[in-house]
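Just so it is clear, none of the values below were taken in a lab; they were calculated from the coordinates. The structure displayed is predicted, hence computed values, not measured ones. For neighbour counting, all protein chains shown are included, and Cβ atoms are generated from backbone atoms with ideal geometry for every residue, glycine included.
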Amino acid sequence: MHLLIAAAKTLSDPNTIKTVKSIYDAGTGLIDKAQSLRSAAPKLPPASAPPPVARAAKKGLRADMAKRWLLKPGASGDLIRFTYTDDHGLASVRTVGNWASNGRELTGYCLNLRAEHKFAIARIDAPEMIG
């Protein structure tokens, strides 16, 4: 920017000097604003801290056995609804159509994503057949 101001002064055109000066002032104002926002931003926890939303607690042996039986290798169906916890710890209710299980993953058309998707069975809670 200092180079632009120097170039404008050498041209001796008052309009050019005024334009370059206003651009310089606007740029330094934006830089100052960005730096103040960075200093006011909340500090993030260290990377080793646990995620803010923890996985749901286990619901007992019966629930686990029911899930294993429902999603056993070779199982398939029309529609299934379950709670899925992603790798960031966020839980969401998913509805999947035309699904099949291989014992480790459930594959099907996710109505939430509107696309084919694979779900890790270990991250699925409370599966229920709805169709």
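Here is how the numbers come out for the structure above:
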quantity: Pair-distance profile P(r), taking every C-alpha pair of the range 61-129, with 5 angstrom steps and integer %; calculated: 4, 19, 32, 29, 13, 3, 0
quantity: Distance-filtered residues of the range 68-82 - backbone nitrogen under 14 Å, label point 7 angstrom along Leu111 Cα→Cβ; calculated: 78-82
quantity: Karplus (6.51, -1.76, 1.60) ³J(HN,Hα), θ = phi - 60°, over the range 70-75, in Hz, Gly and Pro reported as x; calculated: 5, 10, 5, x, x, 6
quantity: Potential lengthening between Lys118 and Ala75 on full extension [0.36 nm per residue; Cα-Cα distance subtracted]; calculated: 14.0 nm
